[in-house]
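Down below is the structure, laid out as C-alpha coordinates.
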Amino acid sequence: MKKLKKPLIILFVLANLYAILCGGLYFFQDNLLFHPRQLAQDYNFQFEHPAEEVWIDVDNDTRLHGLHFKVPNEKGVLLYYHGNAGSLARWGEIVQYLIDLNYSVIIMDYRQYGKSSGKLTEEALYEDSLLWYAFAKAQYPTTPISIYGRSLGTTFATYVASQEKVERLILETPFYSIRDEAYARFPILPIDKLLKYKFPTHAFINSVEAPIEIFHGTDDNVVNYDHGKRLFETINSQKKEFTTIPNGGHNDLITFAAYRDRINTILE
(Lines give C-alpha, C1' and ligand atoms only; values in the text may rest on other atoms or scores of the structure.)
Protein backbone atom coordinates (compact mmCIF):
# COMPACT_ATOMS: atom_id res chain seq x y z
CA MET A 1 0.00 0.00 0.00
CA LYS A 2 2.86 2.37 0.80
CA LYS A 3 4.35 1.80 -2.65
CA LEU A 4 1.14 3.04 -4.24
CA LYS A 5 1.03 6.24 -2.23
CA LYS A 6 3.61 8.23 -4.20
CA PRO A 7 2.19 7.36 -7.68
CA LEU A 8 -1.30 8.27 -6.44
CA ILE A 9 -0.06 11.63 -5.19
CA ILE A 10 1.62 12.32 -8.53
CA LEU A 11 -1.56 11.34 -10.36
CA PHE A 12 -3.61 13.58 -8.08
CA VAL A 13 -1.28 16.53 -8.71
CA LEU A 14 -1.32 16.00 -12.48
CA ALA A 15 -5.11 15.72 -12.52
CA ASN A 16 -5.42 18.97 -10.61
CA LEU A 17 -2.97 20.72 -12.93
CA TYR A 18 -4.97 19.49 -15.91
CA ALA A 19 -8.20 20.76 -14.36
CA ILE A 20 -6.57 24.14 -13.68
CA LEU A 21 -5.43 24.37 -17.31
CA CYS A 22 -8.90 23.53 -18.56
CA GLY A 23 -10.54 26.02 -16.21
CA GLY A 24 -8.00 28.70 -17.10
CA LEU A 25 -8.60 28.33 -20.82
CA TYR A 26 -12.40 28.32 -20.43
CA PHE A 27 -12.78 31.20 -17.98
CA PHE A 28 -9.95 33.42 -19.22
CA GLN A 29 -10.08 32.88 -22.99
CA ASP A 30 -11.47 36.38 -23.52
CA ASN A 31 -8.28 37.71 -21.91
CA LEU A 32 -6.16 35.43 -24.07
CA LEU A 33 -7.93 36.32 -27.30
CA PHE A 34 -8.87 39.99 -26.94
CA HIS A 35 -6.47 42.75 -25.88
CA PRO A 36 -8.48 45.96 -26.16
CA ARG A 37 -7.34 49.44 -25.28
CA GLN A 38 -10.24 51.60 -24.18
CA LEU A 39 -10.36 55.27 -25.07
CA ALA A 40 -12.16 58.18 -23.45
CA GLN A 41 -15.22 59.26 -25.39
CA ASP A 42 -13.63 62.67 -25.97
CA TYR A 43 -10.30 61.22 -27.13
CA ASN A 44 -8.94 63.34 -29.98
CA PHE A 45 -7.33 61.41 -32.85
CA GLN A 46 -4.33 62.95 -34.59
CA PHE A 47 -3.28 61.44 -37.92
CA GLU A 48 -1.53 62.62 -41.06
CA HIS A 49 -4.83 62.14 -42.90
CA PRO A 50 -7.81 63.50 -40.93
CA ALA A 51 -10.70 61.18 -40.16
CA GLU A 52 -14.40 61.57 -39.53
CA GLU A 53 -15.64 59.73 -36.44
CA VAL A 54 -18.51 57.35 -37.12
CA TRP A 55 -21.03 55.81 -34.70
CA ILE A 56 -23.41 52.88 -35.15
CA ASP A 57 -26.02 52.38 -32.44
CA VAL A 58 -26.87 48.67 -32.21
CA ASP A 59 -29.00 48.66 -29.06
CA ASN A 60 -29.25 50.40 -25.70
CA ASP A 61 -26.04 48.79 -24.47
CA THR A 62 -24.01 48.71 -27.66
CA ARG A 63 -22.54 51.60 -29.59
CA LEU A 64 -19.88 50.94 -32.22
CA HIS A 65 -17.22 53.48 -33.12
CA GLY A 66 -15.17 53.81 -36.27
CA LEU A 67 -13.10 56.18 -38.37
CA HIS A 68 -13.76 57.21 -41.95
CA PHE A 69 -10.76 58.49 -43.89
CA LYS A 70 -12.08 60.19 -47.02
CA VAL A 71 -9.92 60.65 -50.11
CA PRO A 72 -11.08 62.89 -52.98
CA ASN A 73 -11.40 60.97 -56.24
CA GLU A 74 -10.36 57.74 -54.57
CA LYS A 75 -9.44 54.62 -56.55
CA GLY A 76 -11.67 52.61 -54.27
CA VAL A 77 -12.67 51.96 -50.67
CA LEU A 78 -11.09 49.66 -48.11
CA LEU A 79 -13.18 48.34 -45.23
CA TYR A 80 -10.53 47.33 -42.68
CA TYR A 81 -10.99 44.84 -39.81
CA HIS A 82 -8.05 45.12 -37.45
CA GLY A 83 -6.24 42.73 -35.12
CA ASN A 84 -6.90 41.78 -31.51
CA ALA A 85 -4.82 44.40 -29.68
CA GLY A 86 -5.06 48.13 -29.15
CA SER A 87 -7.62 50.58 -30.48
CA LEU A 88 -8.12 52.97 -33.36
CA ALA A 89 -5.49 55.23 -31.82
CA ARG A 90 -3.01 52.63 -33.06
CA TRP A 91 -4.82 51.14 -36.04
CA GLY A 92 -5.71 54.49 -37.52
CA GLU A 93 -1.99 55.12 -37.81
CA ILE A 94 -1.37 51.71 -39.40
CA VAL A 95 -3.84 52.34 -42.26
CA GLN A 96 -2.20 55.64 -43.26
CA TYR A 97 -0.12 53.73 -45.81
CA LEU A 98 -3.27 52.51 -47.53
CA ILE A 99 -4.70 56.02 -47.63
CA ASP A 100 -1.48 57.17 -49.29
CA LEU A 101 -2.35 54.75 -52.11
CA ASN A 102 -5.40 56.93 -52.78
CA TYR A 103 -7.99 54.73 -51.08
CA SER A 104 -10.68 55.89 -48.71
CA VAL A 105 -10.59 53.71 -45.58
CA ILE A 106 -13.27 52.80 -43.06
CA ILE A 107 -11.92 51.12 -39.94
CA MET A 108 -13.76 50.25 -36.76
CA ASP A 109 -13.14 49.25 -33.14
CA TYR A 110 -14.82 46.06 -31.96
CA ARG A 111 -17.01 45.93 -28.88
CA GLN A 112 -15.06 46.98 -25.75
CA TYR A 113 -12.25 48.40 -27.90
CA GLY A 114 -11.56 52.13 -28.05
CA LYS A 115 -14.83 54.05 -27.76
CA SER A 116 -17.03 51.07 -28.66
CA SER A 117 -19.24 49.36 -26.10
CA GLY A 118 -21.24 46.15 -25.89
CA LYS A 119 -20.88 42.52 -24.89
CA LEU A 120 -18.36 40.40 -26.80
CA THR A 121 -19.81 37.27 -28.40
CA GLU A 122 -18.84 35.53 -31.61
CA GLU A 123 -22.25 36.00 -33.20
CA ALA A 124 -22.38 39.68 -32.24
CA LEU A 125 -18.99 40.30 -33.85
CA TYR A 126 -20.20 38.76 -37.11
CA GLU A 127 -23.35 40.88 -37.03
CA ASP A 128 -21.32 44.02 -36.30
CA SER A 129 -18.99 43.30 -39.21
CA LEU A 130 -21.97 43.27 -41.58
CA LEU A 131 -23.26 46.55 -40.11
CA TRP A 132 -19.97 48.18 -41.04
CA TYR A 133 -20.24 46.84 -44.57
CA ALA A 134 -23.76 48.27 -44.79
CA PHE A 135 -22.39 51.63 -43.62
CA ALA A 136 -19.63 51.54 -46.23
CA LYS A 137 -22.09 50.60 -48.98
CA ALA A 138 -24.40 53.46 -47.99
CA GLN A 139 -21.51 55.91 -48.27
CA TYR A 140 -20.18 54.43 -51.52
CA PRO A 141 -23.07 52.81 -53.41
CA THR A 142 -21.22 52.73 -56.75
CA THR A 143 -17.55 52.66 -55.67
CA PRO A 144 -15.73 49.30 -55.48
CA ILE A 145 -15.32 48.16 -51.86
CA SER A 146 -12.42 45.89 -50.96
CA ILE A 147 -12.30 44.09 -47.62
CA TYR A 148 -9.06 43.98 -45.64
CA GLY A 149 -8.58 41.79 -42.58
CA ARG A 150 -5.56 41.52 -40.33
CA SER A 151 -4.96 38.71 -37.83
CA LEU A 152 -8.17 38.41 -35.73
CA GLY A 153 -9.92 40.65 -38.24
CA THR A 154 -9.32 38.15 -41.06
CA THR A 155 -12.25 36.06 -39.83
CA PHE A 156 -14.64 39.03 -39.89
CA ALA A 157 -13.33 40.21 -43.25
CA THR A 158 -13.77 36.74 -44.74
CA TYR A 159 -17.24 36.42 -43.27
CA VAL A 160 -18.32 39.74 -44.81
CA ALA A 161 -16.82 38.83 -48.19
CA SER A 162 -18.68 35.51 -48.05
CA GLN A 163 -21.99 37.32 -47.50
CA GLU A 164 -21.66 40.39 -49.72
CA LYS A 165 -20.45 41.26 -53.20
CA VAL A 166 -17.03 42.89 -52.81
CA GLU A 167 -14.18 43.91 -55.09
CA ARG A 168 -11.53 41.76 -53.40
CA LEU A 169 -10.59 40.18 -50.06
CA ILE A 170 -7.14 40.91 -48.61
CA LEU A 171 -5.97 38.89 -45.60
CA GLU A 172 -2.81 39.69 -43.65
CA THR A 173 -1.48 37.01 -41.26
CA PRO A 174 -4.73 34.98 -41.24
CA PHE A 175 -5.45 31.88 -39.17
CA TYR A 176 -7.31 28.77 -40.26
CA SER A 177 -9.52 28.93 -37.16
CA ILE A 178 -9.11 29.80 -33.50
CA ARG A 179 -9.88 26.15 -32.76
CA ASP A 180 -6.93 25.18 -34.94
CA GLU A 181 -4.68 27.70 -33.20
CA ALA A 182 -5.80 26.49 -29.77
CA TYR A 183 -5.10 22.85 -30.63
CA ALA A 184 -1.59 23.82 -31.74
CA ARG A 185 -0.91 25.56 -28.43
CA PHE A 186 -2.78 23.24 -26.05
CA PRO A 187 -2.79 19.80 -27.73
CA ILE A 188 -3.63 17.89 -24.54
CA LEU A 189 -6.76 19.88 -23.68
CA PRO A 190 -10.36 19.11 -24.84
CA ILE A 191 -10.46 22.25 -26.97
CA ASP A 192 -13.89 21.66 -28.54
CA LYS A 193 -15.52 21.57 -25.12
CA LEU A 194 -13.68 24.62 -23.79
CA LEU A 195 -13.77 27.18 -26.59
CA LYS A 196 -16.48 29.84 -26.63
CA TYR A 197 -15.04 31.35 -29.82
CA LYS A 198 -14.34 29.24 -32.91
CA PHE A 199 -13.75 31.90 -35.62
CA PRO A 200 -13.60 29.34 -38.46
CA THR A 201 -12.13 31.42 -41.27
CA HIS A 202 -11.80 28.28 -43.38
CA ALA A 203 -15.56 27.68 -43.17
CA PHE A 204 -16.33 31.04 -44.82
CA ILE A 205 -13.59 31.39 -47.38
CA ASN A 206 -15.00 29.14 -50.10
CA SER A 207 -18.17 31.22 -50.21
CA VAL A 208 -16.12 34.24 -51.27
CA GLU A 209 -16.55 34.96 -54.99
CA ALA A 210 -14.09 37.86 -55.13
CA PRO A 211 -10.33 37.48 -55.71
CA ILE A 212 -8.48 36.58 -52.51
CA GLU A 213 -5.01 37.85 -51.56
CA ILE A 214 -3.14 36.44 -48.56
CA PHE A 215 0.06 37.78 -46.97
CA HIS A 216 2.01 35.84 -44.36
CA GLY A 217 5.51 36.05 -42.93
CA THR A 218 7.68 32.99 -42.39
CA ASP A 219 8.74 34.12 -38.90
CA ASP A 220 5.26 34.89 -37.55
CA ASN A 221 5.32 33.82 -33.89
CA VAL A 222 1.64 34.63 -33.26
CA VAL A 223 -0.10 32.90 -36.17
CA ASN A 224 2.20 30.29 -37.63
CA TYR A 225 3.00 30.64 -41.33
CA ASP A 226 1.85 27.06 -41.93
CA HIS A 227 -1.63 27.93 -40.65
CA GLY A 228 -2.01 30.73 -43.18
CA LYS A 229 -0.71 28.45 -45.91
CA ARG A 230 -3.20 25.78 -44.91
CA LEU A 231 -6.03 28.30 -45.18
CA PHE A 232 -4.86 29.27 -48.66
CA GLU A 233 -4.73 25.63 -49.78
CA THR A 234 -8.38 25.10 -48.80
CA ILE A 235 -9.56 27.78 -51.26
CA ASN A 236 -11.19 26.16 -54.28
CA SER A 237 -11.27 29.33 -56.39
CA GLN A 238 -8.51 29.99 -58.91
CA LYS A 239 -8.73 33.71 -58.11
CA LYS A 240 -6.27 33.53 -55.25
CA GLU A 241 -2.68 34.60 -54.52
CA PHE A 242 -0.41 33.88 -51.57
CA THR A 243 2.49 36.22 -50.91
CA THR A 244 5.20 34.82 -48.66
CA ILE A 245 7.23 37.41 -46.77
CA PRO A 246 10.60 35.80 -45.95
CA ASN A 247 11.60 36.62 -42.33
CA GLY A 248 8.36 38.54 -41.87
CA GLY A 249 6.80 38.51 -38.42
CA HIS A 250 3.25 39.16 -37.27
CA ASN A 251 3.31 42.95 -37.03
CA ASP A 252 6.04 44.10 -39.40
CA LEU A 253 5.05 43.08 -42.94
CA ILE A 254 4.79 46.73 -43.99
CA THR A 255 8.57 47.02 -43.55
CA PHE A 256 9.24 44.42 -46.27
CA ALA A 257 9.48 45.29 -49.97
CA ALA A 258 7.73 42.02 -50.85
CA TYR A 259 4.59 43.21 -49.05
CA ARG A 260 4.70 46.77 -50.33
CA ASP A 261 5.33 45.73 -53.93
CA ARG A 262 2.42 43.29 -53.93
CA ILE A 263 -0.08 45.51 -52.11
CA ASN A 264 0.80 48.36 -54.46
CA THR A 265 0.14 46.08 -57.43
CA ILE A 266 -3.18 44.88 -56.01
CA LEU A 267 -4.44 48.39 -55.29
CA GLU A 268 -3.03 50.05 -58.41
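How much accessible area does L267 have with a 1.4 Å probe, in Å² rounded to the nearest 10?
Only protein atoms counted, so the area is about 0 Å².
For the chain, with a Gaussian network of springs between Cα atoms less than 10 Å apart, report the residue from E48, E209, E164 with the top mean-square fluctuation.
E48
With a 1.4 Å probe and all protein chains kept in place, how do L32, L131, L195 rank by accessible area, largest first?
Largest accessible area first, the list is L32, L131, L195.
Among DSSP beta bridges lying fully in region 46-120, give the percent that are antiparallel, nearest 5.
Of all bridge pairs located within region 46-120, approximately 70 percent are antiparallel.
What share of all Cα pairs of region 77-204, in percent, falls into each consecutive 10 Å distance bin?
12, 43, 33, 9, 2, 0
Let me make sure I get this right: for region 146-261, a, b and c are the square roots of the gyration tensor eigenvalues over alpha carbons, sorted descending. Under 1.5 in a/c it's rounded, otherwise prolate if a/b > b/c, else oblate. Which is it?
oblate
Given H placed on each backbone N at 1.01 Å, which residues far from L171 in sequence or on other chains put an amide H within less than 5 Å of it?
The answer is G149, E213, I214, F215.
Taking all protein chains together and a probe of 1.4 Å, list D57, D30 from the most accessible to the least accessible.
My answer, sorted largest first, is D57, D30.
Could you compute how much accessible surface T234 exposes when probed at 1.4 Å, giving the result in Å² to the nearest 10?
Number for this one is 40 Å².
For the chain, what proportion of DSSP beta bridges, expressed in % and rounded to the nearest 5, is antiparallel?
The answer is about 30 percent antiparallel.
Take every Cα-Cα pair in the chain and report what % of them are more than 26 Å apart.
Distances greater than 26 Å cover 44 percent of the Cα pairs.
Given H placed on each backbone N at 1.01 Å, which residues far from K240 in sequence or on other chains put an amide H within less than 5 Å of it?
I212
Taking the DSSP beta bridges in region 35-86 as the whole, what percent of them are antiparallel, to the nearest 5?
Counting DSSP beta bridges with both partners in region 35-86, the antiparallel share is about 80 percent.
The values are calculated or read from the model by the stated rules, or taken from the named source; none is laboratory data. If you're wondering where the values come from, they're calculated on a predicted model, not measured in any experiment. These accessible areas exclude ligands, DNA and RNA; they are computed on the full protein's heavy atoms, side chains included. Shrake-Rupley method; radii C 1.70, N 1.55, O 1.52, S 1.80 Å.
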